[in-house]
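Read-outs: derived from the displayed coordinates by stated rules, not from any lab. Since we're looking at a predicted model, the values are computed, not measured. Note that we place each Cβ from the backbone using ideal geometry, even for glycine, and neighbour counts take in every protein chain shown.
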Amino acid sequence: MVDAERLPVLTFHSISEAAGPTSIPPGTFAMQMQALADAGFTSCTMAEYAAWHAGQGNGERRLLITFDDAFCDFAEAAAPIMRRHGFAATVFVPTALVGSPEAWAGANSPARKLLDWDAIRALQAEGFEFGSHSRTHAYLPKLPQQERECEIADSAAELSAATGRPAEAFAAPYGAVDAETVALIARHYPIAFGTRFDVSRREEARHDIPRLDMHYFRSEATWRGFLAGDRGYFTVRRALRAVRGAARKLAA
């Protein structure tokens with residue numbers, strides 16, 4: 001499933017009982033983390049992942065865990081489970097919405113609240129990391145260039161000012177990028193992540209790295225099978241996601 005040249009990047013959103021594909025129940029999340037620990041996986045920091053992507057070190061039994069949107073339930077539900085296993089995580093923050101309910105296209109109803117800056121700084125002090133998810137969770141390719149650059153660049157400045165650390169990573173909302181957007185992201189961040197469903201490889205472009213959406217691994221048998229090397233479900237799901245992604249681009 002993984003080797004020196006491949007390393008999974010997992011993506012989560014809300015760890016809660018809320019409805020919809022961006023929520024995973026805490027019990028399911030606990031199972032997913034326990035399965036990782038049982039399979040002997042350890043997590044990377046963002047710097048460790050970037051070093052691996054640049055050709056340093058071995059990817060075997062390593063992975064990067066990421067969360068989009070910075071919901072409050074990361075602190076309430078996800079972080080305690082991750083601490084139990086010694087897992088690190090990077091959380092991508094829409095910086096203009098910190099401390100507010102989600103308010104973007106496709107948001108849940110009722111809306112889930114985002115972490116505030118005090119909570120983000122407290123989690124950072126424990127070792128969790130934070131990256132940018134734009135300012136307002138915008139669909140970047142449809143924005144005028146100046147507004148798009150503001151979403152990308154100003155969110156880095158806001159995150160750095162609030163946390164005292166540089167913004168080292170970016171995740172595009174909805175995974176929505178085009179060539180111009182990727183080029184803008186690359187001007188402001190060392191590394192960035194998308195939503196293409198795949199295991200990351202060293203030879204891939206550094207500013208649209210694929211991730212595994214853990215919504216698709218809520219079955220314990222499927223998840224443990226994947227970690228043990230069974231690629232059947234993964235291959236089918238990857239093909240279906242690719243078809244959907246192509247259809248969305250045609251419709252955009």
**Message:** Compute for the stretch 86-134: radius of gyration divided by Kirkwood radius, i.e. Rg/Rh, restricted to C-alpha atoms, rounded to two decimals.
**Reply:** 1.01
**Message:** How high is the relative contact order of the stretch 6-251? Use alpha-carbon pairs under 8 Å, at least six apart in sequence, and give a whole percent.
**Reply:** 20
**Complete:** Those GluC sites (Glu not before Pro) from the stretch 60-115 that are DSSP loop and have at most 16 other Cβ neighbours within 10 Å turn out to be 60
**Request:** Go through the stretch 129-137 residue by residue and turn each phi into a ³J(HN,Hα) via Karplus (6.51, -1.76, 1.60, θ = phi - 60°); whole Hz please, and just put x for glycine and proline.
**Result:** 10, 9, x, 9, 10, 6, 8, 10, 6
**Asked** Under the Kirkwood approximation for Rh and a Cα-based Rg, what ratio Rg/Rh is obtained for the stretch 106-175?
**Response** 1.00
**Request:** Rank-order 28-38, 191-201 by packing density, defined as the average count of other C-beta atoms within 10 Å over each peptide's residues, highest first.
**Result:** 191-201, 28-38
**Longest to shortest principal axis, alpha-carbon extents of the chain, angstrom** = 46, 38, 37
